[in-house]
Amino acid sequence: QVQLVESGGGLVQAGGSLRLSCAASGFTLSTSVMSWYRQPPGKARELVATGTSSSGSTNYADSVKGRFTVSRDNAKNTMYLQMNSLKPEDTAVYYCNAKTAWYNYWGQGTQVTVSS
């Protein structure tokens, strides 16, 4: 059974840090383009960060550059999003996504709330 399970969300004060995890099962994360998306309250889902295993390249939304870092542990079949210097505008449900030409998987999301 294919699953992506996010964890690590919570309530944090502005300026704080959180690390989100995305554990994959039923497929090999290392062969996928892995991304983090978020959906702020009342807004559309947006891309936060993308990482590819083959090239090691990463890309970030301008709003999180320099504050967020995406990484993966292929041995654990898990992707991470380290979020530092959090701002109230980072408040959202965060989703992980695994995509190739053959599939497009989503996790259930984890809530991140940043208080001012």
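Taking max minus min of the alpha-carbon positions on each principal axis, the range 42-91 gives extents of 35, 20, 18 Å, largest first. Annotation: amide H of Val48 within the under-5 Å range of Trp36, Tyr37, Arg38, sequence separation 5 or more or interchain, hydrogens built in the peptide plane.
Net charge dipole, the range 62-116: roughly 140 debye, given to the nearest 20, about the Cα centre with Cβ charges of +1 for Lys and Arg and -1 for Asp and Glu. Near Gln111: Cβ cut-off under 11 Å, other residues only, Lys/Arg at +1 and Asp/Glu at -1. The net charge is 0.
Per residue, the accessible area of the chain comes to 52 Å², computed with a 1.4 Å probe over protein heavy atoms only.
Each Cα pair under 8 Å and six or more residues apart adds its sequence gap; the mean of these over the residue count of the chain is a relative contact order of 36 percent. Accessible surface of Val64, taken over heavy atoms with a 1.4 Å probe and every protein chain present, rounds to 0 Å². With θ taken as phi - 60° and the Karplus curve 6.51 cos²θ - 1.76 cosθ + 1.60 applied, the whole-hertz 3J(HN,Hα) list for the range 73-79 is 10, 5, 5, 9, 6, 9, 10 Hz, x standing for glycine and proline. Once you divide the Cα radius of gyration of the range 61-116 by 2.2 N^0.38 Å, the number left is 1.29. Taken about its Cα centre, the range 11-76 carries a charge dipole of roughly 120 debye when the Cβ of each Lys and Arg holds +1 and the Cβ of each Asp and Glu holds -1.
The values are calculated or read from the model by the stated rules, or taken from the named source; none is laboratory data. Note that the structure is a prediction, hence the values are computed from the model and not measured. Positions of Cβ are generated from backbone atoms using ideal geometry, with glycine treated the same way; all protein chains shown enter the neighbour counts. Side chains are part of the model used for accessible areas, which takes the heavy atoms of the whole protein and leaves out ligands, DNA and RNA. Shrake-Rupley method; radii C 1.70, N 1.55, O 1.52, S 1.80 Å.
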